[in-house]
Amino acid sequence: MTPKQKSAGKKARSRRAKKPKTTTAQPFIHPHAAGIDVGATELYVAVPSDADPEPVRTFATFTEDLHALADWLMRCGIQTVALESTGVYWIAIFQILEARGLEVYLVNARHVKNVPGRKTDVRDCQWLQYLHAVGLLRASFRPPARVCALRTYWRQRDTFIRYASSHVQHMQKALTQMNIQLANVISDLSGKTGLAIVDALLAGERDPQKLAALRDPRIKADAQTIAKSLVGDWKEEHLFSLRQARATYAHYQQMIAECDMQIALQLRGFESRVDVAAQPQRKKTSRPRQNEPTLDLRRELYRILGVDLTEIPGLEVTTAAAFLSEVGASVERFATAKHFASWLGLCPDNRITGGRILRVATRKVKSRTAHALRLAAQSLHHSRTALGDYFRRMRTKLGAPAAITAAAHKLARILFHLIKHRCPYDASVFAKEEELHRQRREKNLRKQAALFGYQLTPVPL
């Protein structure tokens with residue numbers, strides 16, 4: 001035997017002596033998981049490879065096909081399903097699968113967009129199934145069914161309010177084209193005086209004095225000034241535009257009233273967390289704002305939430321209603337106030353790599369609750385409260401946009417605390433914080449004055 005043959009024999013014996021390599025199975029958190037790529041006309045569904053000989057199937061989006069999809073998942077032994085929140089296409093399949101007893105994860109498309117390799121619908125559903133199986137997906141927050149129904153009515157109402165406001169602008173445009181300068185003497189064309197004058201104009205009245213007599217006593221402009229603004233040229237084409245805009249505005253007001261009726265019916269079905277008769281609300285002297293529902297919404301929200309959120313400076317009835325319709329009467333789905341603020345997109349989204357800060361701005365989140373809190377924070381500019389002082393201080397330090405976000409973040413934390421612990425708003429807590437801030441500022445001023453050889457002396461107010 002040659003040396004070369006001996007060497008080859010030793011290598012062969014060495015290979016035979018080695019133990020075969022064993023592969024460690026990937027730990028699956030959800031072994032019976034499926035992934036669905038949602039589309040407008042087709043659904044691509046992936047299940048584990050050992051659950052069916054054909055683990056990837058395509059289904060149409062008709063209701064009959066959605067039930068067939070649910071039947072197939074049940075036969076495959078699927079217990080949980082992950083699908084992307086694509087527009088509103090996911091709603092039907094989500095409701096059908098949830099009714100079958102499956103645990104449905106509605107996931108953010110941003111969290112699963114990095115699919116390795118080619119981008120196809122088949123690979124998308126398989127990637128969703130794999131990520132969900134190994135526990136790398138988190139379900140988006142979805143409130144209970146009753147809250148979802150209230151949310152639909154409330155969002156529809158907001159839509160009608162926006163549509164109605166655009167037709168107020170159309171009325172204003174038609175009046176301006178006729179050189180009717182009514183907007184220069186009254187602040188709101190959709191108010192009592194403005195609509196009364198517009199209706200009289202469309203009824204054929206052209207006498208400025210008679211039109212000015214329709215003014216409400218609360219209008220600051222006198223009748224003579226209003227009469228002067230109502231002299232113009234009455235062209236038929238502009239009157240036609242005014243008539244259509246007024247009719248459309250009235251139609252949307254009727255739609256808003258119908259939404260209010262449905263909202264009142266939905267609120268009656270919510271559980272009462274406080275006996276309003278035994279624990280009445282504190283009196284609130286402010287008048288109801290425009291576009292607020294006709295029902296006693298403040299009382300209903302207090303009964304359902306167990307706390308009066310309108311006691312928080314800046315928060316109006318509509319803000320509290322937006323919270324109830326988007327989140328519900330409980331915040332138990334959020335571990336802490338930080339998680340709640342992060343869900344709203346009101347906290348910094350730090351991006352750090354290699355010790356370098358790339359970005360600290362807040363995430364772009366489309367949240368109606370966050371939008372309502374930002375509006376509430378902006379209204380704190382003229383508030384003579386501790387929260388108003390905080391907003392003005394942040395505005396001086398950071399600028400208006402960052403101050404609005406910071407104040408909205410503080411309002412979100414306050415709201416979370418009140419809902420979680422069912423306790424009333426206590427302004428003294430924030431008054432103490434402002435007093436501590438004032439003392440720190442005074443201390444710093446005294447130090448700076450001492451550096452320049454001065455001494456501060458308080459002046460009695």
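A few points about this structure:
- Label of the coordinate-derived value, Rg/Rh (Cα atoms, Kirkwood Rh), listed as [x] 1.85; [y] 0.97; [z] 1.13: [z]
- Residues HIS409, HIS238, HIS132, ranked from the fewest to the most other C-beta atoms within 10 Å, line up as HIS238, HIS409, HIS132.
- Principal axis dimensions, region 310-441 - Cα atoms, whole angstrom, descending: 45, 40, 23
- Estimated FRET transfer efficiency (ALA60, ALA427; beta-carbon r; R0 60 Å; 0.05): 0.55
- Sparse-neighbour loop sites [trypsin sites (Lys or Arg not before Pro); region 209-271; at most 14 other C-beta within 10 Å; DSSP]: ARG218, LYS220, LYS235
- This model, with +1 at the C-beta of Lys and Arg and -1 at the C-beta of Asp and Glu, gives region 147-268 a dipole about its Cα centre of some 340 debye.
- A Cβ-based charge dipole, computed about the Cα centre of the chain with Lys and Arg at +1 and Asp and Glu at -1, lands at about 3420 debye.
- Each residue, ARG100 and GLN244, gets one label point 7 Å from its Cα in the Cβ direction; the gap between the two is 4.9 nm.
- Pair ASP207, ARG392: separation of 7 Å Cα→Cβ label points (nm): 5.0 nm
- Rg in Å to one decimal, and Dmax rounded to a whole Å, for region 33-133 via C-alpha atoms: 12.1, 35
- Kirkwood Rh, Cα atoms: Rg over Rh of region 147-268: 1.08
- The GluC sites (Glu not before Pro) of region 292-342 meeting both criteria, a DSSP state outside H, G, I, E and B (loop) and at most 10 other C-beta atoms within 10 angstrom of the site's C-beta, are GLU332.
- Order of VAL274, VAL429 - criterion: other Cβ atoms within 10 Å of each residue's Cβ, fewest first: VAL429, VAL274
- When the chymotrypsin sites (Phe, Trp or Tyr not before Pro) in region 44-131 are filtered for DSSP coil states and for at most 14 other beta-carbon atoms within 10 Å of their beta-carbon, the remaining sites are PHE62.
We did not get these values from a lab; they are worked out from the coordinates using the rules stated. Note that this is a predicted model, so its numbers are computed, not measured. Neighbour counts are summed over all protein chains in view; Cβ atoms, including those assigned to glycine, are modelled from backbone coordinates with ideal geometry.
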